[in-house]
């Protein structure tokens, strides 16, 4: 009985070794599922079209998305015309009071950033989409925005790029 079980296990293992490489989608430890036909990506500059403008946000966000794709995939980056293309604009940059306490005073403020992204997969246009992504961070109202803005922007950009990566590369 043990020999029969061992033979079945060995057969399954050998079939797995032979059949798995034949799959058309590759997986990585980052959750990315990228077709072998996809080898490059392009991230175009995201202009800031929000009513309230942070002068560094466009550059920081564009570079953040590029860095995310470089670090989490084996794709090569092209200035334009990549197999995967990311373009869009920053449409929102807002600060609003939250957690109102007595005497209508806010205990915290919330910085929210919204980005509209167009994703084009030039190898499979069925995967193309146009979506908006929003992320926020809260901070104590006793602090000025200028004192915490740089740190908040790092956290917000990380959340946005994670969401965009998951919607495009990881297909979540």
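The values are calculated or read from the model by the stated rules, or taken from the named source; none is laboratory data. Not measured: the values here are computed from a predicted model. Using ideal geometry, Cβ is built from the backbone for each residue, glycine included, and neighbour counts are taken over all protein chains shown.
Quick notes
- Failed condition for residue 63, given (1) surrounded by fewer than 16 Cβ atoms within 10 Å (Cβ to Cβ); (2) out of contact with any strand residue (DSSP E or B) (no Cβ under 7 Å at 6 or more places or on another chain); (3) touching a residue at least 12 places away in the same chain (Cβ under 8 Å): (3)
- Residue satisfying condition, being under 21 Å from residue 48 (Cβ atoms), crowded, with 18+ Cβ neighbours inside 10 Å, in contact (Cβ under 8 Å) with a residue 24 or more places away in the chain and touching a strand residue (DSSP E or B) at 6+ places or on another chain (Cβ under 9 Å), within set 75, 84, 145, 152: 152
- Verdict on residue 116 being in a strand (DSSP E or B), in contact (Cβ under 8 Å) with a residue 24 or more places away in the chain and closer than 30 Å to residue 33 by Cβ: yes
- Per the conditions (1) within 24 Å of residue 130 (Cβ to Cβ); (2) surrounded by 13 or more Cβ atoms within 10 Å (Cβ to Cβ), the sole criterion not satisfied by residue 106 is (1).
- Checklist (1) surrounded by 14 or more Cβ atoms within 10 Å (Cβ to Cβ); (2) closer than 23 Å to residue 159 by Cβ; (3) in contact with a strand residue (DSSP E or B) (Cβ under 8 Å, 6 or more places away or on another chain); (4) touching a residue at least 12 places away in the same chain (Cβ under 8 Å) applied to residue 70, failing item: (4)
- Number of the exception - residue 37 against (1) modelled with pLDDT of 95 or more; (2) surrounded by fewer than 17 Cβ atoms within 10 Å (Cβ to Cβ); (3) out of contact with any strand residue (DSSP E or B) (no Cβ under 7 Å at 6 or more places or on another chain); (4) under 21 Å from residue 171 (Cα atoms): (1)
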